[in-house]
């Protein structure tokens, strides 16, 4: 097991743990058989049962599993009669593991210890306290009074509801972030604090949504643009050319309103597009509806199709170069980011305590948490990496 953990070899620790657990269980069973003096009772000692309980207890102690391990063992062996011994063995192993871990100062499962030894920053599910009193002993922060403003990344790069293609490309090339707040009623800020490039600016305003890098990549790759200066119809995709620029803008409104209607508690019969929006029915709008439904599916399956779970692929400039945007598209088109953004994302105030924000990130499973001021304007972005740096576990 030591070699499997330290060397880059395709060897696991699950089966070795089962093996030495079985050996210890068998050894204990043989010891019981040796202690028993009655010949009839000696022959009735179930050595296999001790081996099964030993393997399950070893897995529970190493990986901190509980009921799931018992179910796996029962399903694998079919011996339901051993349910009570397995539960007792798992409970004792977890208590022993927690006790020795607290004594040696190495709490967590075997995988947690591997991550800590490799200095990989991560947040455990029990890292964030549930109350302010628990925060006194929280390993995530050094004091209860720490606020989100002390841990967040300042001057986040924001996007407008309708953003130019040129600026989206600039944002993707000059930033490695995976999420960008979408703001409304923006004001222009200079680039003194974030770098200079082509006179672009950083937006600030009231947060209305959140858009992912993968979604922006799909919008650019599929040319889901809104015309600033309408080009010749021959250069437009068939779905947009059939309906024209006006129908396309109308469709964006329909798409956005339908997404809000679909998330409400109304029934399917009450949210039909033909009944809600009779003025925009027709073959052109239907083609656009299908076109943007395909876009939405592409966004949800982006990493499965292009990067196979590697979320760093879409950060590279090579991925943008493969899209092949022309100078005309960069100059004359915009993207309606508001049609595909996550509406009303969870936000926290900059004066919120760090431990409460950590609860949001861990319990809800968020990757990005926009930070706003009292006027609901974006002032920062909080991620798990920021919390790890705040706790001193990550690289600066």
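Quick notes on this one:
- Peptide ranges 30-41, 369-380 listed from the most packed, as the mean C-beta count within 10 angstrom indicates: 369-380, 30-41
- Once the chain from residue 326 to residue 112 is taken as fully extended at 0.36 nm per residue, the excess over their C-alpha distance is 72.3 nm.
- Packing-based ranking of 53-62, 214-223, 110-119 yields 53-62, 214-223, 110-119, ordered from highest to lowest mean Cβ neighbour count within 10 Å.
- Using a simple spin-label model with pseudo-atoms 7 Å out from Cα toward Cβ, residue 153 and residue 83 lie 5.0 nm apart.
- Residues 334, 342, arranged from fewest to most other Cβ atoms within 10 angstrom of their Cβ, appear as 342, 334.
- Share of pairwise Cα separations in segment 2-117, more than 19 Å, in percent: 52
- Residue order, fewest to most beta carbons within 10 Å, for 388, 106: 106, 388
All of the numbers you see were taken from the coordinates with simple rules; none came from a lab. Everything quoted here is computed from the prediction, not taken from an experiment. Positions of Cβ are backbone-derived with ideal geometry, glycine not excepted, and every protein chain shown enters the neighbour counts.
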